[in-house]
1. Could you give the radius of gyration (one decimal) and Dmax (whole number) of the Cα atoms in region 162-216, in Å?
2. Taking 0.36 nm per intervening residue step and subtracting the Cα-Cα distance, what contour gain separates Phe438 from Thr407 on full extension?
3. Starting with the fewest neighbours, write out Val53, Val40, Val269, Val161 ranked by other beta-carbon atoms found within 10 Å of each beta-carbon.
4. What net charge do the residues around Pro413 carry, taking every other residue with its C-beta under 15 Å from that of Pro413, with Lys and Arg at +1 and Asp and Glu at -1?
5. Going by a ≥ b ≥ c, the root eigenvalues of the Cα gyration tensor, does region 178-263 fall in the rounded group (a/c under 1.5), the prolate group (a/b larger than b/c) or the oblate group?
6. For Ser389, what is the net charge nearby, where nearby means another residue's Cβ is under 12 Å from its Cβ and Lys, Arg count +1, Asp, Glu -1?
7. Want the number for Val137 to Ser389: 0.36 nm per residue separation, take away the alpha-carbon distance, what's left?
8. Can you tell me the FRET efficiency between Ala102 and Glu235 if r is taken as the Cβ-Cβ distance and R0 is 30 Å, rounded to the nearest 0.05?
Amino acid sequence: MKMTFSNMWREHRYLTKVAIVLAIIATSLSGQNLSHPRAVAMGGAFTAISEGVFSVSSNPANLAFPSKYKSYFYLGGIDWQMTNNFYSLLTTSKYGGKDLTAENGKLQREFLADLPDTGWRTNYSIHIPLPIINFSVGNKAFTTNILYISDYYISKPALDVIFGNWEKGVKYETDLRIDAMTAIEYAYSMGIPYENLAVGFSLKYIQGLGYYGLDPQKSTGFIKVDTASFVLTGEGDYLFRQSGAGKGIGLDLGVTYRDESGLNIGFSVQNIAAVIKWNKPTLFSIGKETSILEFMGKHVKNGFIKNKNLDLPFEGESFHYRFAFNNVAATELFEGDSAYSEFFYSSRDTTKDDSSTFTTKLPLVLRFGMAKQVSDDLLLALDFSTSFSDRFNYHKGWRCSMGVEYTYLPKIPLRFGLAIGDISGWEVNMGSGFHLGFAHLDWAIGFHRGIWLHTSKGIHFSLCSYFTTHNVEVYSIK
């Protein structure tokens, strides 16, 4: 095949569209963030105040303190979040479906100027607690949650290469990250009290149902333009892995202090030694093979944004892709009659991965929180959290959360929150509930990087219903 200038330009426009579609897919399909509506509404400021079964995902030590209710039984609900650091309805109307190369690339230059310097990251998650088998009684809890997570990242240098924004003498590191996982997480939790202090733990078993992503240890690449003349050099090595079955374990630890003045202080460490080994058959995967993985792939190809031409099967195979080109002059590439293969080398090796295991680590998360019951109907809370890895919708950096709960009408609590940091950048949250006897319904919504629907770059919605049983003696701190 001869690669002329016009063919190269058409391929460049195709790559531009692929990049946009990929990012929109990741946002529309698809942490440090918590999944209970009360936690979401208060911006994640939940480490020191969580109660009952809802302590499991924040600080299991809180199970040790008697609360208003002796037991909690989850009836149903969903926690759904999608976010990114670039696209909103406003930017979609400006760039979506348009030819960025028109008018001598005017719209493309605006697009590149608007892209964040940290790269383009899109995240999506769904948490579905299973009814009835999510419960707590006294200081113990057992939870079962279905999780779906997708996390896509394209570095700014890689975006510059895709959209043709090249400068001489610059080495463009083509950093890409992909993680998508479906799993069931089981946890047994207990809180152990000692006067005003309590410690707690959660033992977690994670049953992986499907995974695909780039191996972060084996996926690197760069492209460079020579300073003297337009001469290209570059190479890349990427390993894309898939699996339809896996299993892993993890541990959460927590400590909480509460005094009679109404001050609560909590600290927890989550995902200690949390590792999932893939291509390890489980009871659920026997007979299912890669059905869940194939279902995840169908969402990529036939989701909200169609991408049926994506040449990527989801059958549990691994793909090792390599490319290299050295000292390719512009005159030879764009104006010559030589075959494209003379300048560019690439290969893709496909292997069935079910005979070898590989692991994915869940990021370690630290949480610290304080809360004060300033009056009978007003609660203030402040949280700090951090993770140590940019994977699976966690952010390597600090997050600060502030929350307010007003219970002048105890049956209809009002909650507000503000958070800065994490994958959502900054967010504004609100929520409420309806508490009628033993029956409860809570909801929350949060907007990321914008307070209006058309400017927001993400949304977090959480809803849950549960019923409770009362303690004979109600414990409270005043």
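Every number in this text was worked out from the coordinates using simple rules, so none of it is lab data. Here the structure is a predicted model, which means the values were calculated and not measured. All Cβ positions, even for glycine, are placed from backbone atoms using ideal geometry, and neighbour counts span all protein chains on display.
1. Over region 162-216's Cα set, Rg and Dmax evaluate to 22.5, 67 Å.
2. 9.4 nm
3. On the way: Val53 26, Val40 31, Val269 15, Val161 21.
Ordered from fewest to most neighbouring Cβ atoms within 10 Å, Val53, Val40, Val269, Val161 come out as Val269, Val161, Val53, Val40.
4. -1
5. Here region 178-263 falls in the oblate category.
6. Here the charged neighbours net out to +1.
7. 87.3 nm
8. Numbers: r = 33 Å, r/R0 = 1.09.
Rounded to the nearest 0.05, the efficiency is 0.35.
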